[in-house]
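Participant: Just passing along the structure, written as structure tokens.
The values are calculated or read from the model by the stated rules, or taken from the named source; none is laboratory data. Just so it is clear, the structure is predicted and the values come from calculations on it, not from any experiment. When we count neighbours, we look across all protein chains shown, and the Cβ atoms used for this are built from the backbone with ideal geometry, even at glycine. Note: areas computed on protein heavy atoms with side chains; ligands, DNA, RNA excluded. Shrake-Rupley method; radii C 1.70, N 1.55, O 1.52, S 1.80 Å.
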Amino acid sequence: MKTKLLLPRKFKYVGLIISVVFFALGIANLYFQFTFDVFTPFEVYGVLGGWGKDELTEEILGVGLIIGLLLTAFSREKHEDEFVGKMRAESLMWAVYVNYIILILSFLCVYGEAFFQVMVYNLFTILLFFIGRFNFLMYRHLQTPEID
């Protein structure tokens, strides 16, 4: 099966490197107030607030992490066949279910500023769940001996 929408295999490694770098920078921003001084402050237009000063560290980190995760998630495997495509589809469906179960629980149990943080994290979790589940299934498939 030839899947047209998957990226070449080398993008998986590029995406993994980008994801790790931006994830580490995001943790540094969260716990140690890391910022990109080049963009501080920057004149931006907010849809609700008009023009104003803003530093773009969180935006750059979020976009970088999403790009890295997308490259990692949607790159071809070494042997891309129907079985891998089926595992990919099942992993994506599983990730959507788990993500929305967590989202529903968040709506019911989390309030205030913590809810906003949960929503920000929720932007990344569906890709993280998909990557984790798909790679787990691939690892488990490669570890099982083939019966002839």
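Participant: Determine, yes or no, whether Phe23 is in contact with a Ser or Thr (Cβ under 6 Å, 6 or more places away or on another chain), surrounded by 16 or more Cβ atoms within 10 Å (Cβ to Cβ) and at pLDDT 90 or above.
Facilitator: no
Participant: Thr72 versus (1) farther than 30 Å from Phe134 by Cα; (2) hydroxyl-bearing (Ser, Thr, Tyr); (3) modelled with pLDDT of 90 or more: which is the lone unmet condition?
Facilitator: With (1) farther than 30 Å from Phe134 by Cα; (2) hydroxyl-bearing (Ser, Thr, Tyr); (3) modelled with pLDDT of 90 or more applied to Thr72, the lone miss is (1).
Participant: I'd like to check something: does region 92-100 contain any residue that is hydrophobic (A, V, I, L, M, F, W, C), more than 23 Å from Leu65 (Cα to Cα), out of contact with any His (no Cβ under 8 Å at 6 or more places or on another chain) and loosely packed, with under 15 Cβ neighbours inside 10 Å?
Facilitator: Within region 92-100 (the criterion being hydrophobic (A, V, I, L, M, F, W, C), more than 23 Å from Leu65 (Cα to Cα), out of contact with any His (no Cβ under 8 Å at 6 or more places or on another chain) and loosely packed, with under 15 Cβ neighbours inside 10 Å), the answer is no, since none of the residues qualifies.
Participant: Does Phe11 satisfy the condition of being at pLDDT below 90, part of a helix (DSSP H, G or I), open to solvent by 30 Å² or more (accessible area, probe 1.4 Å) and under 24 Å from Met138 (Cβ atoms)?
Facilitator: Criteria not met by Phe11.
Participant: Let me confirm something: among Asn122, Asn135, which residue is in a helix (DSSP H, G or I), polar (S, T, N, Q), open to solvent by less than 100 Å² (accessible area, probe 1.4 Å) and closer than 19 Å to Asp81 by Cα?
Facilitator: None of the other options fit; the residue is Asn135.
Participant: Determine, yes or no, whether Leu128 is touching a residue at least 40 places away in the same chain (Cβ under 8 Å) and surrounded by fewer than 16 Cβ atoms within 10 Å (Cβ to Cβ).
Facilitator: no
Participant: Considering only region 76-91, state which residues are among the basic types (Lys, Arg), open to solvent by 70 Å² or more (accessible area, probe 1.4 Å) and modelled with pLDDT under 90.
Facilitator: Selection gives Lys78 alone.
Participant: Only residues that are surrounded by fewer than 21 Cβ atoms within 10 Å (Cβ to Cβ) and either closer than 13 Å to Ile126 by Cα or acidic (Asp, Glu) (or both): list them for region 59-73, please.
Facilitator: Those that are surrounded by fewer than 21 Cβ atoms within 10 Å (Cβ to Cβ) and either closer than 13 Å to Ile126 by Cα or acidic (Asp, Glu) (or both): Glu59, Ile66, Leu70.
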